[in-house]
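The values are calculated or read from the model by the stated rules, or taken from the named source; none is laboratory data. Computed from a predicted model, the values in this text were never measured in an experiment. Here the Cβ positions follow ideal geometry from the backbone for every residue, glycine too, while neighbour counts run over all protein chains shown.
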Amino acid sequence: MSSTELNSIAQAMVAPNKGILAADESTPTIAKRFKGIDTESTEVNRQTYRNMLFTAPGVSEYISGIILFDETIRQTTNEGIPFPEYLTSLGIVPGIKVDKGAKELAACPGEKITEGLDGLRERLNEYYALGARFAKWRAVITIGNGIPSDTCISANAHALARYAALAQESGMVPIVEPEVLMDGDHSLDTCYQVTAKVLDVVFSELKNQKVGLNGIILKPNMVISGTDANNRADVAMVASATVDCLISHVPSEVPGIAFLSGGQTSEEATAHLSAMNEFGPHPWQLSFSYGRALQASPLRVWGGNKNNLESAQAELLKRSRLNGLARTGNYNPQMESV
Ligand code: 5MM
């Protein structure tokens, strides 16, 4: 596929007023989410839940792409339409998580390396045939005592770049997700330093491995205080530190940056995105690719009960709409109560 075609998929993924729904929880993660609402993680329940999300009326107005998991890309709507085909018919680009998860990194206690490169070319080709037009790979970087190590950053950046090159070869836009975790009591400044370093190493590896930067989407963390930090930075500080860090460390050829929410509350994730877009325009689209920040309220309202499916869809529509407004800096917390 030409770089122009990859670029047009990437542009569609960060189309104005829209963003991406990350619904690619692996089997253990979705089981954890369902446990929180006392619901068993069976294949039927997972299909019911994902069907509820994907068929929510009006959602395609605010959602440009949805990231699926291997099981979900093979499932259908209640009417028997394969999910990728259904989403494509709504103008939503179907995507697929292709990493095999973050595992302990040898010789680096407390650090992780994302696996999944073996056989990746074949899996990508199969996903393309199933209708996926973008892929996702998440690397995890932990801040702690003496970490992250250079070993962990470079091993993860190398794997991200190898994955990205293979995804482009197969005709899919790679979402490149180096997530610096919020866990810990570190300051905003520490998060800034680590994020800057990780981005530098990731872009150097992408360049080494001949990845076309105009055919990727970057999915980074925001620059934010650790969850257990004292005096956590407020919305304005997070927004200005994040934009500042990205301007200095993300090349302008990248068409879009779609943030992860990383454990922020739904309201915080929306407010941060809106504040960043308020002082745009920026060299790239600044969008969202939220998992928990879009799904927390619909999941809670559904609660595993079929009588709540419509109310849960209304919750997803509300969060999608508010994040759609945040794409132009037009969100305001008072809108939460409407
Ligand atoms: C939806 O969760 C994704 C899959 O996680 P696992 O591989 O751990 O099951 C996750 O990669 C997600 O896409 C990103 O972390 C963004 O989600 P959040 O909740 O951080 O916005």
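Yes or no, residue by residue, for (1) hydrophobic (A, V, I, L, M, F, W, C); (2) surrounded by fewer than 22 Cβ atoms within 10 Å (Cβ to Cβ); (3) more than 16 Å from the ligand (Cβ to nearest atom):
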residue	(1), (2), (3)
G110	no, yes, yes
A135	yes, no, no
A155	yes, yes, yes
Y163	no, no, no
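Residue-level analysis places L53 outside the set of residues that are among the aliphatic types (A, V, I, L, M) and either in contact with a Gly (Cβ under 8 Å, 6 or more places away or on another chain) or within 21 Å of P174 (Cα to Cα) (or both). A count restricted to region 291-313 and to residues that are in contact with a Lys or Arg (Cβ under 8 Å, 6 or more places away or on another chain) and crowded, with 24+ Cβ neighbours inside 10 Å stands at 4.
The rows are residues; the columns are (1) part of a helix (DSSP H, G or I); (2) closer than 17 Å to L53 by Cα; (3) in contact with a His (Cβ under 9 Å, 6 or more places away or on another chain); (4) in contact (Cβ under 8 Å) with a residue 24 or more places away in the chain.
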{"residue": "R300", "(1), (2), (3), (4)": "yes, yes, no, yes"}
{"residue": "N307", "(1), (2), (3), (4)": "yes, yes, no, no"}
{"residue": "E310", "(1), (2), (3), (4)": "yes, yes, no, no"}
{"residue": "R321", "(1), (2), (3), (4)": "yes, yes, no, yes"}
{"residue": "L325", "(1), (2), (3), (4)": "yes, no, no, yes"}
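Restricting the first member to region 171-191 and to residues that are more than 16 Å from S289 (Cβ to Cβ), and the second to residues that are among the charged types (D, E, K, R) and assigned to a loop (DSSP other than H, G, I, E, B), the beta-carbon pairs closer than 7 Å and six or more apart or on different chains are G184/D228; D185/D228. Restricting attention to region 165-185, the residues that are surrounded by fewer than 20 Cβ atoms within 10 Å (Cβ to Cβ) and more than 13 Å from the ligand (Cβ to nearest atom) total 5. Here the condition is being under 22 Å from S311 (Cα atoms) and modelled with pLDDT of 95 or more; of A23, A107, it holds for A23 alone. Every listed requirement among (1) away from the ligand (no atom under 16 Å from the Cβ); (2) closer than 21 Å to S2 by Cβ is met by E205 save one, (2).
Reported count of residues in region 145-187, each being assigned to a helix (DSSP H, G or I) and touching a strand residue (DSSP E or B) at 6+ places or on another chain (Cβ under 6 Å), is 7. Scan S266, S248, S261 and give me the residue that is in contact (Cβ under 8 Å) with a residue 40 or more places away in the chain and either within 16 Å of the ligand (Cβ to nearest atom) or surrounded by 16 or more Cβ atoms within 10 Å (Cβ to Cβ) (or both). After applying the criteria, what remains is S266. Filter region 275-320 for residues that are under 20 Å from V235 (Cα atoms), away from the ligand (no atom under 14 Å from the Cβ), within 17 Å of the chain's Cα centre (by Cα) and not aliphatic (A, V, I, L, M) and give the result. The answer is Q285, and nothing else.
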